[in-house]
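Written below as C-alpha coordinates is the structure these notes are about.
The values are calculated or read from the model by the stated rules, or taken from the named source; none is laboratory data. Note that the structure is predicted; figures quoted are calculated from it, not measured. Cβ placement follows ideal geometry from the backbone for every residue including glycine, while neighbour counts extend to all protein chains displayed. Ligands, DNA and RNA are stripped out before the accessible areas are found, and what is left, the full protein with its side chains, is counted by its heavy atoms. Shrake-Rupley method; radii C 1.70, N 1.55, O 1.52, S 1.80 Å.
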Amino acid sequence: MPLTVRLATAEDADQLTDIYFAAFQHDAISLLVFSRNTPHAREWWHASILAEITDPHTHFLCIVDLSSPTPSKILSYCKWNSPSAPIVLDLPTWPKGADIEIADHFFGNLVRSHEMIMRGRKHWYLEVIVTRPEEQGKGAAGMLLRWGMQRADEERTEVYLEASPEGKPIYEHYGFKEVGRLIVPLEGKEGVGGEKEFVECFMVRSATEKEN
(Lines give C-alpha, C1' and ligand atoms only; values in the text may rest on other atoms or scores of the structure.)
Protein backbone atom coordinates (compact mmCIF):
# COMPACT_ATOMS: atom_id res chain seq x y z
CA MET A 1 0.00 0.00 0.00
CA PRO A 2 2.14 2.92 -1.25
CA LEU A 3 1.01 6.03 0.59
CA THR A 4 1.42 9.48 -0.93
CA VAL A 5 1.70 12.91 0.68
CA ARG A 6 -0.02 15.77 -1.13
CA LEU A 7 -1.15 19.28 -0.35
CA ALA A 8 -4.77 19.52 0.75
CA THR A 9 -7.09 21.85 -1.13
CA ALA A 10 -10.39 23.55 -0.42
CA GLU A 11 -12.13 20.64 -2.14
CA ASP A 12 -10.85 18.41 0.67
CA ALA A 13 -12.52 20.43 3.45
CA ASP A 14 -15.45 18.01 3.81
CA GLN A 15 -13.14 15.03 4.26
CA LEU A 16 -10.82 16.88 6.63
CA THR A 17 -13.77 17.86 8.78
CA ASP A 18 -15.07 14.29 8.83
CA ILE A 19 -11.65 12.97 9.83
CA TYR A 20 -11.37 15.42 12.73
CA PHE A 21 -14.75 14.48 14.18
CA ALA A 22 -14.09 10.75 13.75
CA ALA A 23 -10.61 10.90 15.29
CA PHE A 24 -11.69 12.99 18.29
CA GLN A 25 -15.02 11.29 18.99
CA HIS A 26 -13.84 10.31 22.49
CA ASP A 27 -11.74 13.41 23.22
CA ALA A 28 -13.20 15.27 26.22
CA ILE A 29 -12.18 18.78 25.17
CA SER A 30 -13.40 18.25 21.62
CA LEU A 31 -16.74 16.93 22.88
CA LEU A 32 -17.21 19.93 25.17
CA VAL A 33 -16.19 22.59 22.67
CA PHE A 34 -17.45 21.05 19.43
CA SER A 35 -20.82 19.54 20.34
CA ARG A 36 -21.96 16.61 18.23
CA ASN A 37 -25.60 17.36 19.05
CA THR A 38 -26.00 20.19 16.53
CA PRO A 39 -24.57 20.97 13.07
CA HIS A 40 -22.96 24.20 14.29
CA ALA A 41 -19.65 22.68 15.36
CA ARG A 42 -19.13 20.88 12.06
CA GLU A 43 -20.00 24.02 10.11
CA TRP A 44 -17.55 26.00 12.27
CA TRP A 45 -14.73 23.49 11.71
CA HIS A 46 -15.39 23.32 7.96
CA ALA A 47 -15.34 27.11 7.69
CA SER A 48 -12.11 27.31 9.70
CA ILE A 49 -10.38 24.90 7.34
CA LEU A 50 -11.49 26.88 4.30
CA ALA A 51 -10.28 30.11 5.89
CA GLU A 52 -6.87 28.71 6.86
CA ILE A 53 -6.02 26.42 3.97
CA THR A 54 -4.97 29.31 1.71
CA ASP A 55 -2.80 30.98 4.38
CA PRO A 56 0.76 31.13 2.98
CA HIS A 57 2.19 30.47 6.46
CA THR A 58 0.36 27.14 6.83
CA HIS A 59 0.70 23.78 5.11
CA PHE A 60 -2.30 21.47 5.11
CA LEU A 61 -1.05 18.05 4.01
CA CYS A 62 -2.89 14.80 3.54
CA ILE A 63 -2.13 11.15 2.91
CA VAL A 64 -3.83 9.13 0.18
CA ASP A 65 -3.34 5.64 -1.22
CA LEU A 66 -3.35 6.03 -4.99
CA SER A 67 -3.31 2.26 -5.52
CA SER A 68 -6.50 1.66 -3.54
CA PRO A 69 -10.02 1.38 -5.02
CA THR A 70 -10.69 4.79 -3.43
CA PRO A 71 -7.58 6.85 -4.32
CA SER A 72 -9.27 10.13 -3.40
CA LYS A 73 -9.97 8.98 0.16
CA ILE A 74 -7.82 10.90 2.66
CA LEU A 75 -6.40 8.65 5.36
CA SER A 76 -4.74 11.29 7.52
CA TYR A 77 -4.05 15.02 7.47
CA CYS A 78 -2.08 17.63 9.34
CA LYS A 79 -1.55 21.36 9.61
CA TRP A 80 2.04 22.57 9.82
CA ASN A 81 2.74 26.24 10.55
CA SER A 82 6.03 27.51 9.15
CA PRO A 83 8.50 29.66 11.14
CA SER A 84 7.02 32.75 9.48
CA ALA A 85 3.58 32.09 11.00
CA PRO A 86 2.65 34.43 13.86
CA ILE A 87 1.38 33.01 17.14
CA VAL A 88 -2.13 34.45 17.33
CA LEU A 89 -3.25 35.02 20.91
CA ASP A 90 -6.78 36.20 20.07
CA LEU A 91 -9.33 33.41 20.39
CA PRO A 92 -12.11 32.85 17.85
CA THR A 93 -15.83 33.02 18.44
CA TRP A 94 -16.74 29.46 19.35
CA PRO A 95 -19.63 27.59 17.71
CA LYS A 96 -23.09 27.62 19.20
CA GLY A 97 -23.37 24.95 21.87
CA ALA A 98 -19.72 25.11 22.91
CA ASP A 99 -18.63 25.16 26.55
CA ILE A 100 -17.15 28.65 26.30
CA GLU A 101 -15.42 28.50 29.68
CA ILE A 102 -13.57 25.30 28.79
CA ALA A 103 -12.79 26.53 25.27
CA ASP A 104 -11.28 29.82 26.43
CA HIS A 105 -9.35 28.15 29.24
CA PHE A 106 -7.94 25.28 27.18
CA PHE A 107 -7.16 27.01 23.89
CA GLY A 108 -6.16 30.25 25.60
CA ASN A 109 -3.59 28.37 27.66
CA LEU A 110 -2.36 26.53 24.56
CA VAL A 111 -1.49 29.67 22.65
CA ARG A 112 -0.05 31.49 25.67
CA SER A 113 2.12 28.49 26.57
CA HIS A 114 3.26 28.19 22.96
CA GLU A 115 4.37 31.82 22.97
CA MET A 116 6.03 31.59 26.38
CA ILE A 117 7.91 28.37 25.63
CA MET A 118 9.26 29.35 22.22
CA ARG A 119 9.93 33.01 23.17
CA GLY A 120 10.20 34.31 19.63
CA ARG A 121 12.55 31.54 18.42
CA LYS A 122 12.05 30.33 14.85
CA HIS A 123 10.29 26.98 14.74
CA TRP A 124 7.90 24.77 12.84
CA TYR A 125 4.63 24.08 14.66
CA LEU A 126 2.54 20.96 14.18
CA GLU A 127 -0.88 22.34 15.10
CA VAL A 128 -3.06 19.43 13.99
CA ILE A 129 -2.44 15.82 12.99
CA VAL A 130 -5.33 13.35 12.74
CA THR A 131 -5.95 9.95 11.16
CA ARG A 132 -9.15 8.11 10.40
CA PRO A 133 -9.58 5.54 13.19
CA GLU A 134 -9.79 2.66 10.70
CA GLU A 135 -6.55 3.78 9.00
CA GLN A 136 -4.38 4.06 12.09
CA GLY A 137 -1.23 1.98 12.36
CA LYS A 138 -0.36 2.20 8.65
CA GLY A 139 2.32 4.88 8.93
CA ALA A 140 0.31 7.79 7.53
CA ALA A 141 0.76 10.09 10.53
CA GLY A 142 4.48 9.30 10.65
CA MET A 143 4.87 10.49 7.06
CA LEU A 144 3.17 13.78 7.91
CA LEU A 145 5.31 14.24 11.01
CA ARG A 146 8.54 13.57 9.10
CA TRP A 147 7.53 16.07 6.39
CA GLY A 148 7.78 18.95 8.83
CA MET A 149 10.76 17.57 10.70
CA GLN A 150 12.72 17.34 7.46
CA ARG A 151 12.07 20.99 6.69
CA ALA A 152 12.99 21.99 10.23
CA ASP A 153 16.25 20.05 9.92
CA GLU A 154 17.03 21.70 6.60
CA GLU A 155 16.47 25.11 8.19
CA ARG A 156 18.14 24.19 11.51
CA THR A 157 15.04 25.19 13.46
CA GLU A 158 13.13 23.71 16.38
CA VAL A 159 9.77 21.95 16.18
CA TYR A 160 6.90 22.52 18.60
CA LEU A 161 3.71 20.54 19.15
CA GLU A 162 1.12 19.55 21.73
CA ALA A 163 0.39 15.89 22.50
CA SER A 164 -1.74 13.72 24.71
CA PRO A 165 0.03 11.64 27.36
CA GLU A 166 -0.81 8.58 25.23
CA GLY A 167 0.80 10.12 22.16
CA LYS A 168 3.82 11.49 24.00
CA PRO A 169 6.01 8.34 23.65
CA ILE A 170 5.58 8.41 19.87
CA TYR A 171 6.96 11.93 19.66
CA GLU A 172 9.73 11.12 22.12
CA HIS A 173 10.83 8.44 19.66
CA TYR A 174 11.35 11.23 17.13
CA GLY A 175 13.43 13.33 19.53
CA PHE A 176 10.78 15.52 21.14
CA LYS A 177 10.99 16.35 24.84
CA GLU A 178 8.19 17.44 27.15
CA VAL A 179 8.73 21.01 28.36
CA GLY A 180 5.44 21.55 30.18
CA ARG A 181 1.84 20.44 30.41
CA LEU A 182 -1.67 21.77 30.86
CA ILE A 183 -4.15 20.06 33.19
CA VAL A 184 -7.81 21.00 32.79
CA PRO A 185 -10.22 19.90 35.59
CA LEU A 186 -13.35 18.23 34.19
CA GLU A 187 -15.26 17.31 37.34
CA GLY A 188 -18.93 18.18 36.96
CA LYS A 189 -18.76 18.24 33.16
CA GLU A 190 -21.28 16.01 31.43
CA GLY A 191 -20.58 13.84 28.42
CA VAL A 192 -16.85 13.28 28.99
CA GLY A 193 -16.97 9.65 30.10
CA GLY A 194 -16.34 10.35 33.75
CA GLU A 195 -12.90 11.88 33.16
CA LYS A 196 -11.78 14.08 36.04
CA GLU A 197 -9.08 15.95 34.13
CA PHE A 198 -7.67 16.48 30.66
CA VAL A 199 -3.91 16.60 30.13
CA GLU A 200 -2.03 18.14 27.21
CA CYS A 201 1.77 17.93 26.93
CA PHE A 202 3.91 20.65 25.36
CA MET A 203 6.84 19.21 23.42
CA VAL A 204 9.89 20.61 21.62
CA ARG A 205 12.38 18.98 19.27
CA SER A 206 15.71 20.78 19.25
CA ALA A 207 17.26 22.16 16.08
CA THR A 208 19.83 19.93 14.44
CA GLU A 209 23.44 20.91 14.88
CA LYS A 210 25.11 22.68 12.00
CA GLU A 211 27.71 20.62 10.16
CA ASN A 212 31.29 21.89 10.20
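For the range 8-27, the criterion of being of a type in the set (A, V, I, L, M, F, W, C), over 14 Å from the mean Cα position of the chain (by Cα) and open to solvent by 70 Å² or more (accessible area, probe 1.4 Å) is satisfied by no residue at all. Here L50 fulfils each of the conditions (1) loosely packed, with under 12 Cβ neighbours inside 10 Å; (2) at pLDDT 95 or above apart from (1). Considering only the range 174-185, I want to know if a residue exists there that is surrounded by 17 or more Cβ atoms within 10 Å (Cβ to Cβ) and of a type in the set (S, T, Y). No: the range 174-185 contains no residue that is surrounded by 17 or more Cβ atoms within 10 Å (Cβ to Cβ) and of a type in the set (S, T, Y).
Residue-level check: of (1) over 24 Å from L182 (Cα atoms); (2) touching a Cys at 6+ places or on another chain (Cβ under 6 Å), K168 misses just (1).
Mind checking which residues of the range 66-93 are surrounded by 19 or more Cβ atoms within 10 Å (Cβ to Cβ), over 14 Å from A13 (Cα atoms) and over 15 Å from the mean Cα position of the chain (by Cα)? Selection gives nothing.
Of all the criteria given as (1) in contact with a strand residue (DSSP E or B) (Cβ under 9 Å, 6 or more places away or on another chain); (2) farther than 23 Å from R146 by Cβ, the one not satisfied by P92 is (1). Tell me yes or no: at least one residue of the range 154-162 is over 13 Å from the mean Cα position of the chain (by Cα), part of a helix (DSSP H, G or I) and under 20 Å from L7 (Cα atoms). Yes, the conditions are met somewhere in the range 154-162. Out of E166, E190, E134, which single residue is outside any strand (DSSP E or B), farther than 24 Å from Y77 by Cα and open to solvent by 30 Å² or more (accessible area, probe 1.4 Å)? From the options E166, E190, E134, the qualifying one is E190. Inside the range 106-130, can you point out the residues that are basic (K, R) and either open to solvent by less than 50 Å² (accessible area, probe 1.4 Å) or in contact (Cβ under 8 Å) with a residue 12 or more places away in the chain (or both)? Scanning the range 106-130 gives R112, R121, K122. For the range 86-105, the criterion of being under 20 Å from Y171 (Cβ atoms), of a type outside the set (A, V, I, L, M) and either part of a helix (DSSP H, G or I) or in contact (Cβ under 8 Å) with a residue 12 or more places away in the chain (or both) is met by none of the residues. Of all residues in the range 137-157, those satisfying the criterion of being of a type in the set (D, E, K, R) and loosely packed, with under 15 Cβ neighbours inside 10 Å are R146, E154, R156.
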